[in-house]
1. For segment 353-366, which residues satisfy the criterion of being over 18 Å from residue 406 (Cα atoms), surrounded by 13 or more Cβ atoms within 10 Å (Cβ to Cβ) and not hydroxyl-bearing (Ser, Thr, Tyr)?
2. Pick out the one residue from 246, 280, 242 that is free of Cβ contacts under 8 Å to residues at least 24 places away in the same chain and in contact with a strand residue (DSSP E or B) (Cβ under 9 Å, 6 or more places away or on another chain).
3. Can you confirm whether segment 384-392 contains a residue that is surrounded by 14 or more Cβ atoms within 10 Å (Cβ to Cβ) and closer than 30 Å to residue 151 by Cα?
4. Kindly indicate the residue of segment 143-175 that is outside any loop (DSSP other than H, G, I, E, B) and among the aromatic types (Phe, Trp, Tyr) and also surrounded by the fewest Cβ atoms within 10 Å (Cβ to Cβ) among those meeting that condition.
5. Taking segment 304-327 as the region of interest, how many residues are buried (at least 19 other Cβ atoms within 10 Å of the Cβ) and either part of a helix (DSSP H, G or I) or more than 16 Å from ligand 2 (Cβ to nearest atom) (or both)?
6. Counting just the residues of segment 126-142 that are hydrophobic (A, V, I, L, M, F, W, C) and assigned to a strand (DSSP E or B), which one comes out modelled with the lowest pLDDT?
7. What's the number of the only condition in (1) among the hydrophobic types (A, V, I, L, M, F, W, C); (2) in a loop (DSSP other than H, G, I, E, B); (3) buried (at least 16 other Cβ atoms within 10 Å of the Cβ) that residue 433 fails to meet?
Amino acid sequence: MKKISLLIILLLLIGCQNKEKLTPLHVIGDLKTEFDMTEFYDGHESEFESIDYKSDKLTAIDAMIFYDSLDKVYEDNIIYFVSEDGFMNAIDDKSIEHTFIGYSKSNGCVYHSDKHPPNSGIRQIAEIIIVKSSDEINYEYGLSIIDGNKDTTLHYSIGQLHLLPYRILPYLDGVSKKVTDGKTYEVKGMKQKRVLSLNDLVSEDYDLALLMTGEGDHEYLLNDGYIEIGQTLNYIIPESYDIYNDLKGIMINPPQTSVMDLYDDVIMHLDQPVMVIFIDGFSNHQYDYMKNHMKTYLNTFTHEKATSVFKPVTNAGFAAMLTGQTPKDNGVLDRSFRTLLSDDIFSYVTDKGLTSKLIEGNVKILDTSIDPVLNLDHNNNGITDDEIFTSAKASLDSDFLLVHFHSLDEFGHDYGPLDERTLNQLLLLDTYVKDLSESWSGYLLVVTDHGMHKTEDGGNHGEFRAEDILIPYLRRNDE
Ligand SMILES: [Zn+2]
Ligand SMILES: [Zn+2]
């Protein structure tokens, strides 16, 4: 009997106006994936019940079951119920067990609780916003703003962005025209977008800003635009109709140099032999620490603060270095890409009739135009950099030599970027650099692909934050 009545309710719910009414219920904010109402109903059919609500009946489900089904970014959140007429209630997620989210024809979507004060009840819910309530930061979701001068990162979660005083931008979608009785009638179709401007989010003055997206854009912002807040973020420039999808972050006061500058730098100096020493995972924070606390050969180099690309991982940083192009243009967005869509520096060197060599560890990272010289860990000390160093020493007759050391990144992952063991490894690499440099009379650069941030159990990189994105770019002083 119960089954039949439930079935009827569900049929009503799904088949009738209920579904249409419920579909516009948007759950937004700090979620990893978009909430899907239909999917939720399909998965929880048997958990809906009919409860009394004022003089009405609600088809309802325990709010906790609903909340648990959300793919949340953070453990602890505040739930904001927003009604169609703008009322908004904030309720702690810890207190929602045995309260209800339901629907009735006359009241629309309803939040109902006997535990909370009466004003907790809210009808005609248009939107539910999930907003983190802890200080925890997950840089994979939301918007990060790096200050390139101060090396700091400001982070807003998507939920937090939805609580800021955003504006509604009527964004022109298209113009349609129809000729009726010889006269042209025109309609401008627009879409309302929730937007914030960068100035709404930062208090510092800045002259320049640089945006990076998950699609590999690396763009200096010359025109004012808006950050569109949705489940993912976009950057819109109304003046030119440019939209950058999947905005990952913006850097204000960005350095002038980027990892992509290596390409031109090498080309400009090919009138002499060029050596590039690539120390994987060397953050600008580490460089600063080294400069201030350690005695190294590298301290004698001219230093420029530079930016990596998004995603700050080896494949993307290395590809940007070798092609001088953004990830969007060279096609290498993250670790899953190996094929370069634009020519690399080795093919340029080869075309000039010069020789080049790429000295690598035990794996080929990208499909470069020349095959790398791979080096196995022959002495089984867990590191290939000693073999790479020996291999580099045997290749000093090349016109262009690129030597890729890996151990700083490995130590950074294992122990953290500023751990004593990691810094000792940096000192060892410093002796390799000194040795190679002393046997090289040409042009010499020391560069890296991305930085490294500290984690609870070591270090990592790949996020839009100052430690991962800001890197050193070092030139030997030849005067
Ligand atoms: Zn790397
Ligand atoms: Zn790494």
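1. 354 - this is the single residue of segment 353-366 that is over 18 Å from residue 406 (Cα atoms), surrounded by 13 or more Cβ atoms within 10 Å (Cβ to Cβ) and not hydroxyl-bearing (Ser, Thr, Tyr).
2. Numbers: 246 fails: free of Cβ contacts under 8 Å to residues at least 24 places away in the same chain; 280 fails: free of Cβ contacts under 8 Å to residues at least 24 places away in the same chain.
Step by step, each of 246, 280, 242 is checked, and only 242 is free of Cβ contacts under 8 Å to residues at least 24 places away in the same chain and in contact with a strand residue (DSSP E or B) (Cβ under 9 Å, 6 or more places away or on another chain).
3. Yes, that holds for at least one residue.
4. We begin by selecting, within segment 143-175, every residue outside any loop (DSSP other than H, G, I, E, B); these are 143-147, 152-156, 158-162, 167-175.
Checking which are among the aromatic types (Phe, Trp, Tyr) leaves us with 156, 171.
Values: 156: 20, 171: 17.
It comes out as 171.
5. Step one: of segment 304-327, the residues buried (at least 19 other Cβ atoms within 10 Å of the Cβ) are 306-327.
Filter once more, so that each one left must be either part of a helix (DSSP H, G or I) or more than 16 Å from ligand 2 (Cβ to nearest atom) (or both): 306-307, 314-327.
Adding up the residues that qualify gives 16.
6. Going through segment 126-142, the residues hydrophobic (A, V, I, L, M, F, W, C) turn out to be 126, 128-131, 137.
From what's left, assigned to a strand (DSSP E or B): 126, 128-131.
Numbers: 126: 92, 128: 96, 129: 97, 130: 98, 131: 98.
Once the filter is applied, the top-ranked residue is 126.
7. Single failed check for residue 433: (2).
Yes/no matrix, rows are residues, columns are (1) within 16 Å of ligand 2 (Cβ to nearest atom); (2) within 28 Å of residue 249 (Cβ to Cβ):
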| position | (1), (2) |
| --- | --- |
| 390 | no, no |
| 408 | yes, yes |
| 443 | no, no |
| 452 | yes, yes |
| 458 | yes, yes |
| 466 | no, yes |
| 469 | yes, yes |
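The values are calculated or read from the model by the stated rules, or taken from the named source; none is laboratory data. All values derive from a computational prediction rather than experimental measurement. Glycine gets a Cβ as well: all are built from the backbone with ideal geometry, and neighbour counts include every protein chain shown.
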